[in-house]
Amino acid sequence: MTLLTVWADDDPTSTLLRTADGAEITAELARIGVRFERWPVVGDLPAEPTSDEVLAAYAEHVKRVVDDEGYVLVDALSMTPADTQEWAGQAAAARQKFLAEHTHDDDEDRFFARGAGAFYLHVNGRVYAVLCEAGDLLSVPANTTHWFDMGTRPDYVAIRFFHDEDGWVGDFTGNRLAEDFPDFETLMAARAG
């Protein structure tokens, strides 16, 4: 279940809005220029799919987004847990990088084909945490301050869309705001409770 939680950026202890209603999430995010939509989930992806397998499974939807938005690079990224020290170190480093507040010169469109992750959007004095799950497409407009939390044991498959062939390039703000707000695991617990 997708979950949207909103706080004032100076008070992470007081929730202004918490909803799992898809229509309410779509409307609330649209007010800040963020596109949210749901796609049917393809259930027969391999346990560790290649980028090509994921893109083929969602080809019709990917084509529509590319045609509508003019993206030139589309790929799929998989994070699958492994019980190795090497994987744990790589996952921790990746998580730490994306937890830092940043912007992009490009839109950041992500579709979750499997698993979950949380985008935190820092807009107009508020923090909007969008706990995305399989079937969710979130489009963060260019230059929107945000961060992403994949959790301490990342497990997701996501399609990424880019206008620039350089792919993901973050401009980090240096703001440590992300440290003050509930993390991915806390949002997952709130969703379950």
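Every number here is computed from the coordinates shown, using simple stated rules; none is lab data. What you see is a predicted model, and the numbers here were worked out from it, not measured in a lab. Every residue, glycine among them, receives a Cβ derived from its backbone with ideal geometry; neighbour counts consider all protein chains shown.
Can you tell me the length gained on complete extension of the stretch residue 124 to residue 8, counting 0.36 nm per residue apart and subtracting the Cα distance? Walk me through the numbers before you get to the answer.
Values: separation 116, 0.36 × 116 = 41.76 nm, distance 0.91 nm.
Value of the extension gain: 40.8 nm.
Any chance you could check the Cα centroid distance between region 74-105 and region 1-56 for me, in angstrom?
Value for the Cα centre distance between the two parts: 19 Å.
Describe numerically, in nm with one decimal, the distance between label points set 7 Å from Cα along Cα→Cβ at residue 20 and at residue 68.
2.6 nm
Go ahead and set up a Gaussian network model of the chain, Cα springs under 10 Å, then flag whichever of 69, 28, 133 fluctuates most.
Comparing 69, 28, 133 in the GNM, the peak value goes to 69.
Compute the length gained on full extension between residue 96 and residue 172: take 0.36 nm times their separation in residues and subtract their Cα-Cα distance, giving the result in nm to one decimal.
26.1 nm
When the helices in the chain are scored as -39500 (n - 2.57) per DSSP H run of 4 or longer and the sum is shared across all residues, what 222 nm value do you end up with, to the nearest 500 deg cm²/dmol?
Details: 5 runs with 51 residues, N = 193.
Estimated from H runs of four or more residues: -8000 deg cm²/dmol.
So how far apart, in nm, are the two label points at residue 192 and residue 59 if each is 7 Å from Cα heading toward Cβ?
Inter-label distance under the simple model: 3.8 nm.
Tell me, what ³J(HN,Hα) does each residue in region 22-35 have, in order and in whole Hz, if you take phi through Karplus 6.51 cos²θ - 1.76 cosθ + 1.60 with θ = phi - 60° and put x for Gly and Pro?
x, 5, 5, 4, 4, 5, 5, 5, 4, 4, 10, x, 9, 8
Once the Cα gyration tensor of region 31-160 is diagonalised, what are the square roots of 5 times its eigenvalues, in whole Å and ordered largest first, as equivalent ellipsoid semi-axes?
Values: eigenvalues 99, 87, 30 Å².
Gyration-tensor ellipsoid for region 31-160: 22, 21, 12 Å.
Would you kindly state how much longer the chain becomes between residue 48 and residue 77 on full extension, computed as 0.36 nm times their sequence separation minus their alpha carbon distance, in nm to one decimal?
Extra length from residue 48 to residue 77 when fully extended: 9.4 nm.
Non-local amide H neighbours of residue 76 (under 5 Å, H modeled in plane, Pro and chain starts lacking H): which ones?
Those lying under 5 Å, H to H, from residue 76 are 160.
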